[in-house]
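Below: the structure, in structure tokens.
The values are calculated or read from the model by the stated rules, or taken from the named source; none is laboratory data. Because the structure is a prediction, the values reported are computed rather than measured. Cβ placement follows ideal geometry from the backbone for every residue including glycine, while neighbour counts extend to all protein chains displayed.
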């Protein structure tokens, strides 16, 4: 009986504190930044798009695809190359198009389009031009990022851009790999969409890691492109 009375008192105290001390959030936090606690807020939009995984971004949700998904991992991208090994380019482009336009394209559909339109590079994946030229063909605004400072990168994300980065040797690849920067946490870390790793996608990253491991000297205005709808 004593335990029940103590439990009842505890519940009443918690209820009182909750009622008279509501959580306050500033408008700026709600509109521009993602709380650190939200970095794993990856949800399934089962009502409108069954089976589509959405990642919360600073300015827009990102439709997430993984090139190793069994639905298309073993499908051929080009002559003998599979999407699971060489498909980061079309997978990243499929995320951009599916997130920022009304059209929803999967990695295998985008891989076929990329091959048919000359963006496939045998035994290497995709030509770097797949990102700026491909996104532009779907009506998106694509600009080469030339200021590689953390401040500029975060500013671009906070003002409505997704940033595609071609990475070099390091945490994400040994050769070359496209990934998307989708958000900035309240403490200044970057959120990404890694076409080859759901685990990496759930983590928060120091901007210096991205900046230091980007594959500089690549073609088509890389290694960074900002992509937006305006």
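In table form, for the structure just shown:
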| quantity | calculated |
| --- | --- |
| Residue 112, sole failed condition from (1) touching a strand residue (DSSP E or B) at 6+ places or on another chain (Cβ under 8 Å); (2) over 15 Å from residue 222 (Cβ atoms) | (1) |
| From the options 80, 117, residue that is modelled with pLDDT under 95 and surrounded by fewer than 18 Cβ atoms within 10 Å (Cβ to Cβ) | 80 |
| Single residue of 166, 143 found to be in contact (Cβ under 8 Å) with a residue 12 or more places away in the chain, more than 19 Å from residue 194 (Cβ to Cβ) and part of a strand (DSSP E or B) | 143 |
| Residue match in segment 200-210 (condition: modelled with pLDDT under 95 and assigned to a loop (DSSP other than H, G, I, E, B)) | no |
| Test: residue 63 is surrounded by fewer than 23 Cβ atoms within 10 Å (Cβ to Cβ) and in a strand (DSSP E or B) | yes |
